[in-house]
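A short write-up of the structure that comes next.
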Amino acid sequence: MAGVCSRGALIVLEGVDRAGKSTQCRRLVEALTSAGVRAELVRFPERTTEIGRLISSYLEKKSDLDDHTVHLLFSANRWEQVSWMKQKLHSGVTLVVDRYAFSGVAFTSAKKNFSLDWCKQPDVGLPKPDLILFLELSTAEAEQRGGFGAERYETTNFQRKVLQRFQELRNDKTLNWKVIDASKTIEDLHNEIRSLAEEAIKEAQHKPIGQL
Ligand code: T5A
Ligand code: NA
């Protein structure tokens, strides 16, 4: 009986650029899978859809878009995955998500004249994460990891603002934020993340999926 109705957990990794999110998402899915837990990787932006291609071209500075428009595209890029994500969760698969609505809000609201409140609206109603792991890294340390590339947003000043916005978002006590010191080794981080994830998977099993 318990096995039949238990769902997977929605686990999100967030943080500034270079914090190690993609590395840790991959490691976590591998570890869960080899322990016999059904788990799949999700990432945002998902650059392979039509909307994702518009976003990718904007990030690569091959096209320009109004800041409001691109914000709504990032959100639409999440909404287009929602029915698939819910199906997976209900069928017992845990989803490990590389960035989510919080990146959307933190990056747009780091631009001039965008309030947190306006930025949050398009994502209201998305499946609510059971756990949000925030990989915390100073802008200086992030820059040392290979330096910034040519993509939009990869500048020191902008990344500093993004980090401040994330810190504001982490004050929301209706969400399960866990802050992790991302300056540790890949292995140490993995062990810490894995044990928090296993706990979240256990707790999510018999709870309904919430909404942002
Ligand atoms: N964005 C995103 C929005 O504006 N709105 C939105 O709604 C969303 C979803 C693209 C951009 O889009 C913005 C945010 C971004 O600016 P992306 O495609 O996720 O987002 O960005 P990427 O460039 O792919 O990824 P990041 O730069 O964020 O890097 P990660 O995933 O945090 O870091 P990772 O794992 O790739 O590692 C970076 C480097 O550090 C090393 C790795 O080997 C790698 O070289 N590293 C470590 N080094 C030392 N110690 C550790 N513990 C390390 N872990 C990793
Ligand atoms: Na990444």
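The values are calculated or read from the model by the stated rules, or taken from the named source; none is laboratory data. Here the structure is a predicted model, which means the values were calculated and not measured. Quick reminder, even Gly has a Cβ in these numbers, built from the backbone with ideal geometry, and neighbours come from all protein chains shown.
With (1) within 16 Å of ligand 2 (Cβ to nearest atom); (2) surrounded by 23 or more Cβ atoms within 10 Å (Cβ to Cβ) as the list, and GLU154 as the residue in question, which single condition is left unmet? Of (1) within 16 Å of ligand 2 (Cβ to nearest atom); (2) surrounded by 23 or more Cβ atoms within 10 Å (Cβ to Cβ), only one is false for GLU154: (2). Of everything listed in (1) part of a helix (DSSP H, G or I); (2) out of contact with any Ser or Thr (no Cβ under 6 Å at 6 or more places or on another chain); (3) farther than 26 Å from ARG38 by Cβ, the single unmet condition for SER195 is (3).
Residue-by-condition table, conditions (1) in contact with a His (Cβ under 7 Å, 6 or more places away or on another chain); (2) part of a helix (DSSP H, G or I); (3) more than 15 Å from ligand 2 (Cβ to nearest atom):
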residue	(1), (2), (3)
GLY8	no, no, yes
ARG26	no, yes, no
GLU30	no, yes, yes
LEU54	no, yes, yes
SER63	no, no, yes
THR69	no, yes, yes
THR108	yes, yes, yes
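Scanning region 111-134 for residues that are in contact with a helix residue (DSSP H, G or I) (Cβ under 6 Å, 6 or more places away or on another chain) and either hydroxyl-bearing (Ser, Thr, Tyr) or near ligand 1 (Cβ under 9 Å from one of its atoms) (or both) yields a count of 1. Quick check on region 68-89. Is at least one of its residues surrounded by 21 or more Cβ atoms within 10 Å (Cβ to Cβ), within 19 Å of ILE193 (Cα to Cα), within 9 Å of ligand 1 (Cβ to nearest atom) and within 15 Å of the chain's Cα centre (by Cα)? No, region 68-89 contains no residue that is surrounded by 21 or more Cβ atoms within 10 Å (Cβ to Cβ), within 19 Å of ILE193 (Cα to Cα), within 9 Å of ligand 1 (Cβ to nearest atom) and within 15 Å of the chain's Cα centre (by Cα). Annotation: of all residues in region 85-106 being out of contact with any strand residue (DSSP E or B) (no Cβ under 9 Å at 6 or more places or on another chain) and away from ligand 2 (no atom under 16 Å from the Cβ), the one that is nearest to ARG170 (Cα to Cα) is VAL105. Considering only residues of region 90-110 that are among the polar types (S, T, N, Q) and more than 8 Å from ligand 1 (Cβ to nearest atom), which is surrounded by the fewest Cβ atoms within 10 Å (Cβ to Cβ)? Result: SER91.
THR155 meets all of the listed conditions (1) in contact with a helix residue (DSSP H, G or I) (Cβ under 8 Å, 6 or more places away or on another chain); (2) of a type in the set (Val, Ile, Thr); (3) over 22 Å from GLU40 (Cα atoms) but one, namely (1). The C-beta contact set for region 1-30 (first residue farther than 23 Å from LEU212 by Cβ and modelled with pLDDT of 95 or more, second residue of a type outside the set (Phe, Trp, Tyr) and near ligand 2 (Cβ under 10 Å from one of its atoms), distance under 7 angstrom, 6+ apart or interchain) is empty. Pairing residues of region 32-55 that are more than 15 Å from ARG99 (Cβ to Cβ) with residues that are within 15 Å of ligand 2 (Cβ to nearest atom) and among the charged types (D, E, K, R), at Cβ distances under 7 Å and at least 6 apart in sequence or on separate chains, gives ARG53/ARG47.
The C-beta contact set for region 76-91 (first residue more than 11 Å from LEU126 (Cα to Cα), second residue away from ligand 1 (no atom under 16 Å from the Cβ), distance under 7 angstrom, 6+ apart or interchain) comprises LYS88/GLY8; LYS88/GLU40; LEU89/ARG7; LEU89/GLY8; LEU89/ILE209; HIS90/ARG7. Against the test of being outside any helix (DSSP H, G or I), more than 16 Å from ligand 2 (Cβ to nearest atom) and more than 19 Å from ILE180 (Cβ to Cβ), the options GLU46, GLU40 yield a single qualifying residue, GLU40.
Determine whether region 178-185 contains at least one residue that is within 15 Å of ligand 1 (Cβ to nearest atom), part of a helix (DSSP H, G or I) and more than 28 Å from PHE114 (Cα to Cα). No, region 178-185 contains no residue that is within 15 Å of ligand 1 (Cβ to nearest atom), part of a helix (DSSP H, G or I) and more than 28 Å from PHE114 (Cα to Cα).
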